[in-house]
Structures are given as C-alpha cells and as structure tokens.
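In what follows, a structure is listed as structure tokens, so that the remarks can point back to it.
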Amino acid sequence: MAIELRQQLRLSQQLVMTPQLQQAIKLLQLNRQELTSLIEQELQENPVLEVSETDEQTPAEASDETPGEEAETGADSGDSGDAGDGATADDGMSAGDDAGPATADDGGDTSPSDAEKIADIEWENYMDSHPQTGLETRVAGDDDRPSIDQTLSRRPSLSEHLVWQIHLSAFDEEEVAISHWIIGNLDDDGYLKATIEDVARQSGAEEELVARTLDKIQQLDPPGVGARNLRECLLIQIRTLEISAPMVLAIVEHHLDLLQKRDFRGLTRALGAEPSELSAAAQIISRLEPKPGRSFGGDDPVYITPDIYVYKVDEDFHILLNEDGMPKLKINNLYRDVLHGGKTVAKDTKDYVHEKLRSAQWLIKSIHQRERTMYKVMQSIIRHQREFFDHGISFLKPLNLRDVADDIEMHESTVSRVTTNKYVHTPQGIFELKYFFNSSISRFNGEAIASESVKEKIRKIIESEDTRRPLSDQRIAEMLKSANIDIARRTVTKYREAMNMLSSTKRRQMG
C-alpha cells in the first residue's frame, strides 16, 4: 500500500475563550475593593480611560442599554449575557463595537497635532497624581487622602512590646542580652518553649543569671508571659493581681487537672470545701488569661465593606449597589479625536489608540454587566429568602445555586462567581452572599429546613440550658426531633463544633 499526502476539509465547532471574555469572567468574582484596585491599575496603564467627575453616560453605556431600560436600577429584562456560560457572555459585543465611538464626528477640527493632545493629557494626569510638585493649586480641605499617621500605624508584636519594656526597666547589659534569647524562644501564646539550660547554652551565660532574667521578664506585661506551663502562667497572674484567696491557690497548685476536666465532685472531695466556695474560686480562675500572648498574635482585623445594601421601605426591599469610592470610567474625547486626524496621524499611533480604545470600551461594558448580574442575583435571593429578610435567621430556607440560576436564566457558575467573597448589608445584619446558599435538613412532617436555621436552634438551646447540668449532643438531637427536625447526634456535634461551642462536660459550671 502506497503512502501518499491528501488534503481534506473538516467542519468543526470550538468554543474559544477570548481575552475579553476572560476579563469579564474575572470581574464577576472580584469584590468591591479588588475591583477598585483593578480599575486604578487600568487607569494607569490605559491612557484612553479617565475618571468621570459627573454621572454623564459613556458611549459604552449608551450602546449597552436597551430601550426602556432603567439606568437607576441596572436591571434589563433582555440581558442574556452570562459570563459563566462562555457561549453567551459576549453581551452583543463584537469587534465592530468600537467603530462607532472611534469614528463618530464630534465636530472638532484637527488643528492641534495628535502629539500635542497626548502630551496635554499626560501632563494633566501627572499634575493630578503628583500634587507635591506644586503644579496644581488644591483647595484646603479638598484632599481626602488619609493622613500619614493613619497609613503608618501598626499594632506591635509581643516581642516588640517586651523589648520596649526591657529598655525602660532595670536590666543591665548582660540581662538585656539574655532577655533577647528568652524572647526569641517564646511562642505565639507567650510561653517559653526552652529550658533554663537551653537558654544558658545558647547565650553562653550562667544558668543562675538566666533564671534571674527570666524572673524579671515574668514581671512584665502581659501578666503570665514567659511561663513554661499553664500552672506557672496562672500563678504569675495570681501574684501580679495580688489574689490572696487560699482556695484559688490550692486549686491552681495541686488540682488544676480536675478543674480542666470540670470534675467538681472530685475537687469537693480533695479540698473538703463547700460548693459555694469552690464555685467562687473557679470563677476567679476563669477570669485569668491562659494565653497571655493572645492579644498580640494573629493578623490585623479586616473590616468588611458591603458590596450591596438592601433596605426595607414599607413592605418592599430595595437593592443598592455600593459604588462609594469606585471611579466612574469614561472614554477621553481627546484620544478619540486622534483617530479623526486622517492622514496627519501616523498609522502606529492610530493602531495603538484604536487598541486601547477597544480595551477601554470592553472594560466599561464588563463592569456594567457585572453590576447588572449582581443586581439580578440579589433580587432572586430576596425572592427565595423573603422570610429571612423579614424575620431573621430562624426563617432561612434551603437554597442552592441552581435555584437562583434557573430564576435569572443564567449558569450556575455565573451565580457562584457573583456570590464569591461579596457581602450584603441587610436589616438582619451583614452576611456573605454564600451564606444564603445552604443544605437542607429534613423534617418528619412538612418542608425541609435550612442547616443554618438548625445551627441557630442549637445555639439557642445551649445558651438557655442549665449550666450546672448542660445538655449532651444526644439530648439536643432528641429535643430537635421533638420539634419535627430529623437530625442525628453526630450532626449536632458537627454543627456545635462549627459554632466553636464546647462539649457538655466542658460547659459544666458550679452553681
């Protein structure tokens, strides 16, 4: 059989993710702060984009709206663009969309050269972004940027806090050198994770001098720092706070393990004390800090800024997207004039401006598409969870992504991206959009109940229990079953641990 070459035509379909479509999908899953950062970056990289000081309509908005659409709400009934589907996410955007704005006759002449216009724009941007040059006169109080102390403030770490106190205390040079070795061996909770012998070997100092230095460090703030175990930590705090109750000292020195197990009967037999005395001593010990370095550890708090606000006016809920501080983009008309320069404009210049103009138009379109999609998803959530917005967590219903996707005629992946890492301010508090999507727990009779509602019921049961006789997980499961909720004990345990609630033995307290 002879080997030969042939040409053959074959027809096939292939879904291609264009860079513009990938950008639109990326914008969907960004929260407000991330989107603002991306816009600021695009403003620096794309000279065609500029911030609109007014609410004037951009060419991209005008081409994107349908007749009768209300720009205030951002909802359009004819929107079928779904960035999650890929095949329908173009929202009518084609390669020719930039031809209209790029070739529209604005009535201006081309007397200034394109180089002069571009130079003017760049100088304006430079003066706006560099006020320290003195090229722009700013009105007093017009600059709303944070002050220098707000941008440089930082919470000190535990080691920095201790070093600061050491330099203000009566430490000699040798003790200061040894204290640095001791501080270097402290963990995040403030406990010393090395022995006196280890520190002496590391620092090359005598063990007696190391012990004396450690004793001085244990007198610093926070009380209990530098302890080698929980018992020593509590004893240091008792000494610092000058607690003279004999029962407290006896429990901490000799029976701390019984207190940790909440074995109050064993404590009563061991100490021969009355339950009232034992309860008072346990209360004092419970106010001590078992982890003295806790207040210095962890990351700085992250404050949530809602992406959406939901307000109730009369009997209706109104949705407002949070656009506070977010730049409003528009196309710079001077760059558009460059494309009208005809033969006076170099081809490379025109191609560059044309590319940047297309990119700017697509970004503006994608941002408005993101806003409309968020608005539609929030509308659907309100329709499904109306009782929650009226009455609270106990009325939360089971909901999944497909329910919302079918309601707004979009793909599940689009709903998932829109609800990722975004928060909404409601009359019931601030919640992540993912919070409204939860699994269901079946009932013996009637409709299923949301898992978050079951967690809320468990929390209320534990908060209202008798602390002297706390309820076991099995008992809580039986109480929920009597309330027509079909739930197993292991599920109660899982939900209780998810809410960071202790077991019944560790919740027990003296009367």
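The values are calculated or read from the model by the stated rules, or taken from the named source; none is laboratory data. Computed from a predicted model, the values in this text were never measured in an experiment. Cβ placement follows ideal geometry from the backbone for every residue including glycine, while neighbour counts extend to all protein chains displayed.
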Out of the range 286-327, which residues are closer than 30 Å to LEU192 by Cα and in contact with a Phe, Trp or Tyr (Cβ under 9 Å, 6 or more places away or on another chain)? LYS291, PRO292, GLY293
List pairs: first residue in the range 214-229 and in contact (Cβ under 8 Å) with a residue 40 or more places away in the chain and in the same structural domain as THR240 (by TED's automatic domain parsing), second residue surrounded by 17 or more Cβ atoms within 10 Å (Cβ to Cβ) and among the hydroxyl-bearing types (Ser, Thr, Tyr) anywhere in the structure, Cβ distance under 7 angstrom, at least six positions apart or on different chains. ILE217/SER179; ALA227/TYR191
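Considering only the range 372-409, state which residues are among the aliphatic types (A, V, I, L, M), under 17 Å from GLU432 (Cβ atoms) and in a helix (DSSP H, G or I).
Filtering the range 372-409 for residues among the aliphatic types (A, V, I, L, M) gives 374, 377-378, 381-382, 393, 396, 399, 401, 404-405, 408.
If we keep only those that are under 17 Å from GLU432 (Cβ atoms) too, we end up with 374, 377-378, 381-382, 393, 396, 399, 401, 404.
Passing the criteria: MET374, VAL377, MET378, ILE381, ILE382, ILE393, LEU401, VAL404.
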What about SER453, is it out of contact with any Gly (no Cβ under 6 Å at 6 or more places or on another chain), under 26 Å from ILE381 (Cβ atoms) and touching a residue at least 12 places away in the same chain (Cβ under 8 Å)? yes
Qualifying positions in the range 159-169 - over 36 Å from the mean Cα position of the chain (by Cα) and in contact (Cβ under 8 Å) with a residue 12 or more places away in the chain: ILE166, SER169
Which members of the range 171-193 meet the condition of being among the hydrophobic types (A, V, I, L, M, F, W, C) and touching a residue at least 12 places away in the same chain (Cβ under 8 Å)? PHE171, ALA177, ILE178, TRP181, ILE182, ILE183, LEU186, LEU192
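Conditions (1) crowded, with 16+ Cβ neighbours inside 10 Å; (2) under 40 Å from the mean Cα position of the chain (by Cα), marked per residue:
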site	(1), (2)
ILE178	yes, no
ASP189	yes, yes
ARG212	no, no
GLN218	yes, yes
PRO223	yes, yes
ARG228	no, yes
ARG239	no, no
MET247	yes, no
GLU253	no, no
For the range 492-511, give me the residue count where each residue is surrounded by fewer than 19 Cβ atoms within 10 Å (Cβ to Cβ), in contact (Cβ under 8 Å) with a residue 40 or more places away in the chain and under 26 Å from PHE388 (Cβ atoms). 3
Which condition number in (1) under 30 Å from LEU43 (Cβ atoms); (2) modelled with pLDDT of 95 or more is the one that TYR191 fails? (1)
Helices (runs of 4 or more DSSP H) fully within the range 252-294 counting 2 or more residues that are small (Gly, Ala, Ser) and farther than 28 Å from LEU186 by Cα: 264-271, 275-286
In the set VAL163, VAL248, VAL210, VAL176, which member is under 27 Å from ARG507 (Cα atoms) and either small (Gly, Ala, Ser) or out of contact with any strand residue (DSSP E or B) (no Cβ under 7 Å at 6 or more places or on another chain) (or both)? VAL248
Those residues that are surrounded by fewer than 19 Cβ atoms within 10 Å (Cβ to Cβ) and assigned to a strand (DSSP E or B), I need them from the range 442-464; list them, please. ARG443
Quick check on the range 413-434. Is at least one of its residues touching a residue at least 12 places away in the same chain (Cβ under 8 Å), of a type in the set (Lys, Arg) and closer than 30 Å to ILE458 by Cα? yes
